[in-house]
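Visitor: Questions regarding the structure given below will be posed in turn.
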Amino acid sequence: MELINSRRMMNIGVMTALYVLLTILCAPLAYDQVQLRFSELLILLCFFNKDYIFSLTVGCFISNMMSSLGFADVGFGSMATLASAVLIYAFREKINLLVASIFPVVINGFVVAAELHFIQGLSFWESVVYVSLGEFICVSVIGVFVIGMLSKKKGFMKVIMTGNDIA
């Protein structure tokens, strides 16, 4: 039992760190109205394992500490990631990966747009379009392709499913 718990903890830590690292590497594109936060594609891992709900929420929390939107993005942005991750996991048996990818597109589109509107005075609806488009590119296009391809690999699935009954 200890080995499984250690592996789960390691996977959670690695995914948290990977989310933060990918966000930092793409920092000029990861914040503000036009966002291409490539780390967001990792949210699709929640489709396979609930452990990643925690790791991606914490990764987003840490990453948002560098946001120009300040503490609002740390709180509200992280809650948007949490809501998206929970919905992806909750509906995983009823929908496919592509449909699951729409949760973060819509939730982040509206939450981040509200932040941009109230903090920076940017147009709410324009921000919804820009943020949603960036999220769609990173999660629904790139993410569905990458995670979809990786999910066909037994080795990949064994690693990300650690701690589940299937592993």
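A short reminder: the numbers here are calculations on the coordinates, not readings from a lab. Computed from a prediction, not measured in an experiment: that's the story for all the values here. Reconstructed Cβ throughout: ideal geometry from the backbone, glycine too, with neighbour counts over all protein chains shown.
Visitor: Could you work out the per residue convex hull volume over the alpha carbons of region 7-72, in cubic angstrom?
Guide: Output value, Cα hull per residue: 78 Å³.
Visitor: Separate question: Based on DSSP H assignment, which helices of the chain show an axial Cα extent of at least 24 Å together with a mean Kyte-Doolittle hydropathy greater than or equal to 0.5?
Guide: Helices meeting the span and hydropathy rule in the chain are 2-25, 102-120.
Visitor: Would you mind telling me which residue in SER55, SER68, SER101 has the biggest mean-square fluctuation in a Gaussian network model of the chain, where springs connect alpha carbons within a distance under 10 angstrom?
Guide: SER68
Visitor: Considering only the other residues whose Cβ falls under 10 Å of the Cβ of SER127, what net charge follows from Lys and Arg at +1 and Asp and Glu at -1?
Guide: Once all neighbours under 10 Å are counted, the net charge is -3.
Visitor: Please report the relative contact order for the chain, taking Cα pairs under 8 Å with a sequence separation of at least 6, and give it as a percent rounded to a whole number.
Guide: Relative contact order comes out at 27 percent.
Visitor: If R0 is 30 Å, what FRET efficiency do you get for GLU93 and PHE71 from their C-beta distance, rounded to 0.05?
Guide: Calculated value: 0.25.
Visitor: Could you tell me the distance between the Cα centroids of region 100-150 and region 56-71, to the nearest Å?
Guide: 15
Visitor: If you don't mind, another one. Where Lys and Arg each count +1 and Asp and Glu each count -1, what net charge lies around LEU116 among other residues with Cβ under 10 Å from its Cβ?
Guide: Summing Lys/Arg as +1 and Asp/Glu as -1 gives -4.
Visitor: Additional query: Would you mind getting me the FRET efficiency between LYS158 and LYS50? Use the beta-carbon distance for r and R0 = 22 Å, nearest 0.05.
Guide: 0.85
Visitor: To continue, here is another question. Please give the contour-minus-distance gain from ILE142 to ILE119: 0.36 nm per residue of separation, less the Cα-Cα distance, rounded to one decimal in nm.
Guide: The ILE142-ILE119 span can extend by a further 5.3 nm.
Visitor: Running a GNM on the chain with Cα contacts under 10 Å, which residue among ILE119, ILE137, ILE53 ends up with the highest mean-square fluctuation?
Guide: ILE119
Visitor: Which one is right for this structure if Cα extents along the principal axes in Å is calculated from it: (1) 38, 33, 28; (2) 51, 28, 25; (3) 54, 33, 32?
Guide: So the calculated entry is the one marked (2).
Visitor: Can you give the FRET efficiency for MET9 and MET79, using 1/(1 + (r/R0)^6), R0 = 22 Å, r = Cβ-Cβ distance, to the nearest 0.05?
Guide: Efficiency at R0 = 22 Å is approximately 0.40.
Visitor: As a check on your grasp of the helix formula, calculate [θ] at 222 nm for the chain: sum -39500 (n - 2.57) over DSSP H runs of n ≥ 4, divide by the residue count, round to the nearest 500.
Guide: -19000 deg cm²/dmol
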